[in-house]
Amino acid sequence: MIEDHKILFMVHSIEIDYFKPAVLDDLLQITVAAKEIGRSRITLYQEVLRSHIKLVSATIHVVCVGAETLKPVSIPAPLREKIGKPA
């Protein structure tokens, strides 16, 4: 993204809920979905599952910034299209 669009995504905030522990050698499924897409911000929702049991859920807010200035910029249209519609 840096070379093509001259942008980066920086984490603004994370809210994590831990429900159950995972242990070494657990087979985990990690899911991620875009919940909201703004002009320069994306809200992501992630879950960690083991055998369909939710171990962790997280809401992550990332901000699109210019690679040189590190100031918020609009998410480029081609990237916005690839992300698709929020779930």
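Only the coordinates and a few stated rules stand behind these numbers; no lab work does. Given the structure is predicted, the values throughout are model-derived calculations rather than measurements. Heads up, the Cβs are rebuilt from the backbone with ideal geometry, glycines too, and the neighbour counts pull from every protein chain shown.
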Practice task
Could you tell me whether LYS35 is touching a residue at least 40 places away in the same chain (Cβ under 8 Å) and among the basic types (Lys, Arg)?
Solution key: yes
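Can you name the residue in region 18-59 that is acidic (Asp, Glu) and surrounded by 11 or more Cβ atoms within 10 Å (Cβ to Cβ) and is also farthest from GLU81 (Cα to Cα) among such residues? Walk me through how you get there before you give the answer.
Within region 18-59, the first condition is being acidic (Asp, Glu), and the residues that meet it are 25-26, 36, 47.
Those left that are additionally surrounded by 11 or more Cβ atoms within 10 Å (Cβ to Cβ): 26, 36, 47.
Values: ASP26: 35, GLU36: 13, GLU47: 23 Å.
It comes out as ASP26.
Looking only at residues that are charged (D, E, K, R) and in a strand (DSSP E or B) in region 33-51, which one is nearest to ASP4 (Cα to Cα)?
Residues of region 33-51 that are charged (D, E, K, R), as a first pass: 35-36, 39, 41, 47, 50.
Now drop any that are not in a strand (DSSP E or B), which leaves 35-36, 41, 47, 50.
Values: LYS35: 25, GLU36: 23, ARG41: 19, GLU47: 30, ARG50: 37 Å.
Only one residue tops the list, namely ARG41.
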Fill in the blank from the handout: Those residues of region 23-53 that are in contact with a Pro (Cβ under 6 Å, 6 or more places away or on another chain) and of a type in the set (D, E, K, R) come to a total of 2
Exercise for the section: Collect the residues in region 52-84 that are in a helix (DSSP H, G or I) and within 16 Å of the chain's Cα centre (by Cα), keeping them in residue-number order. Expected result: LEU79, ARG80, GLU81, LYS82, ILE83
